[in-house]
Structure formats: C-alpha cells, structure tokens
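Beneath this line is the structure, given in structure tokens, with notes to follow.
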Amino acid sequence: MGVKSKAAAAILVLLLFLGSLWLHGSLDYHWESCLKGYNQGNTQWGRWSRGVTGHQGCPGQTFQVSMLLSHLQAAPELTSDILLQPYLSSWDELVRFMEAMGPMVGLISNEIETKTSIIRQLALLAEADPEAELVGPDIHSINGEVTEAGEKTDKEASQHTGAYHSVRTMIWTELDRGQVNFHHQTDSGCRTLLRLHRALLWLKLFLEKLSETPVAGRLRSPSELCREAYQETLAHHHTWFVRKAADLAFIAMPERTFFFRLVCVQNQEELSMLLKRVVQSLGEVYDRTQSALEENGMLDLP
C-alpha cells in the first residue's frame with residue numbers, strides 16, 4: 001500500500017472513530033430530519049440563555065470557562081436533582097471547548113449537539129402535550145428528606161413542573177410512558193442522557209488530569225492525559241476497533257500552552273486553580289446524575 005493510500009486509510013479510521021466515539025448502538029439517525037428544523041428561539045427552552053450576565057469573559061475566545069462554570073453551578077437543584085436546561089447549556093459550552101481544539105476534535109462535538117438536541121426536542125414535544133406535566137411521585141423521592149415546611153412548598157412546585165424540567169422528572173415521565181426499554185434501543189431522553197453522562201466523565205477526568213502538578217518535574221502532554229482518561233472511562237463501552245482508532249485521534253491534541261490561551265491563564269499554577277473549580281462543579285453534576293440513573297437501573301441501557 002502506497003503512502004497516500006495509508007494516509008487515506010488512517011483518515012478514514014479517524015473519521016469513523018470521531019463519528020462513533022460518543023455512541024454505543026446509536027439511533028440518532030432517526031432524529032436528523034426533525035432536528036434540522038428545530039428552533040430554540042421560540043420556546044421556553046430556547047429562552048434559556050447560553051450566557052449569564054455579569055460574567056468575566058475571556059477576550060477573543062468562543063469558549064468561555066466562566067460561562068461553563070455558571071451553567072454547571074446553576075444545574076444542581078435542592079438536594080439530589082439536576083435541572084436539564086443549565087445541564088444542556090453546560091454541554092453547549094463544552095462543545096465550544098472541543099471545537100476550539102481543532103477540526104478533528106471538533107467533529108466529535110457534532111455528535112454531542114445531536115444528543116442535546118434530542119433531549120431539547122423531547123422537551124418541546126412534552127410542552128405541547130398536556131399529559132406530559134408531572135403530577136408524579138412524592139417529593140421525598142425527588143429531593144430526599146426535607147423539612148415539613150419545605151415539603152409542602154416543594155411538592156406544590158413539583159405539581160407544575162414540566163416533564164423535562166430535571167433529570168429525575170424526565171426519568172419518571174419516560175418510565176411512566178414506556179419510552180425506556182431495558183433490553184432494546186429506544187429514542188428516549190434517558191438513553192441519550194446516559195451517553196452524555198459517560199462523555200461527561202471522560203471530559204471531567206481529562207480536565208482533572210490536565211490540572212495536575214508536575215510529576216518528577218515533568219508535565220505530561222494533553223494527548224497522553226486525554227488518552228489515559230479515555231481508557232479509564234469511555235473505552236469500557238467501545239469495541240476494539242474504536243479503542244484502537246482513539247489512539248490515532250488523540251495524536252492531534254494540541255499542546256498544553258494552547259489550554260493556557262483558551263482559558264486566559266499564564267501558567268500551569270493558574271490553570272490548575274481554575275480547572276479544579278471546573279472539575280468540582282462537573283463532579284457534583286456527574287454524581288447527582290449517576291445517582292438518578294443508578295437508582296432507576298439505567299447505567300447499562302442498550
């Protein structure tokens with residue numbers, strides 16, 4: 001095989017990987033046509049701003065780490081739930097983070113956007129359906145133990161909560177409607193959330209490793225750290241072929257100084273301080289989502 005043929009084969013493998021990295025038996029093709037016409041601007045969900053006023057931006061950057069932090073910190077609700085609007089807005093910013101790392105990594109973000117759009121589209125359909133309003137379970141199962149005074153207020157609020165208001169309301173709604181199948185793939189928000197959830201752990205672990213202090217005077221490359229984070233997380237859900245293709249994809253990762261510029265810091269010490277805040281917020285969102293999925297036996301949805 002000639003050099004050009006080998007290069008073409010390598011590119012093909014990489015593109016296959018980038019198109020499937022976030023998937024494990026995806027049904028996303030069913031959504032392509034309806035999502036193209038989706039317009040967030042005319043809905044309650046669309047009015048959730050991609051930005052938060054008063055933040056300190058990073059000039060010249062599309063990705064804003066302050067925006068990511070704002071959305072992540074807005075997502076936790078009461079003691080155990082996650083609001084879906086700021087959760088998905090966090091993913092909007094993480095998509096910008098991936099796109100900033102170049103076209104190879106940016107291709108992955110297309111799959112993430114498809115998945116967030118699936119949940120947003122389900123929310124729109126639920127808004128148009130009066131039966132989608134949550135009347136549902138006792139508030140104790142939503143947010144754990146609360147005070148007697150607080151319980152009445154929270155329960156009254158929950159009676160007017162949309163089906164896709166939060167992770168837990170989405171889970172209950174889809175279980176009640178039979179949209180979740182534990183043996184076969186379905187176009188459910190829960191299944192889609194699980195794929196996003198796994199990807200979030202990968203990014204969380206990567207950023208955590210990127211915030212590490214030098215080991216024996218040496219900072220490991222982002223490429224090495226991203227590969228290691230992948231092997232500890234998403235690799236467990238992928239085939240041998242995809243895992244091998246990942247090794248090729250991570251070669252294209254930018255150097256560490258790129259991340260300094262991306263979040264407007266001068267050195268590793270400043271980067272570490274900032275990323276630790278991000279990782280902490282990511283961790284709370286991840287842990288709450290993990291608990292909700294685990295309690296409902298959804299960690300292995302096909």
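No value in this document is a laboratory result; all are computed from the given coordinates. Everything numeric in this text was worked out from a predicted model, so none of it was measured. Virtual Cβ from ideal backbone geometry, glycine too; neighbours counted across all protein chains shown.
Give the residue list of GluC sites (Glu not before Pro) in segment 217-283 that are DSSP loop and have at most 10 other beta-carbon atoms within 10 angstrom.
Glu255
Stretched out straight at 0.36 nm per residue, the stretch from Thr257 to Asp187 would grow longer than its current Cα-Cα span by 21.1 nm. Per the Cα gyration tensor, segment 188-302 maps to an equivalent ellipsoid with semi-axes of 28, 19, 11 Å, ordered largest to smallest. Taking a Cβ cut-off of under 13 Å around Leu225, the surrounding Lys, Arg, Asp and Glu residues balance to a net charge of 0, with basic ones at +1 and acidic ones at -1.
Along its principal axes, segment 237-282 has C-alpha extents of 38, 23, 13 angstrom, given from the largest down.
Work out, step by step, the length gained on full extension between Glu284 and Thr62: first 0.36 nm times the residue separation, then minus their alpha carbon distance; give nm to one decimal.
Taking Glu284 through Thr62 to full extension adds about 77.4 nm, to one decimal.
Between Asn110 and Asp176, the contour length at 0.36 nm per residue exceeds the alpha carbon distance by 20.7 nm.
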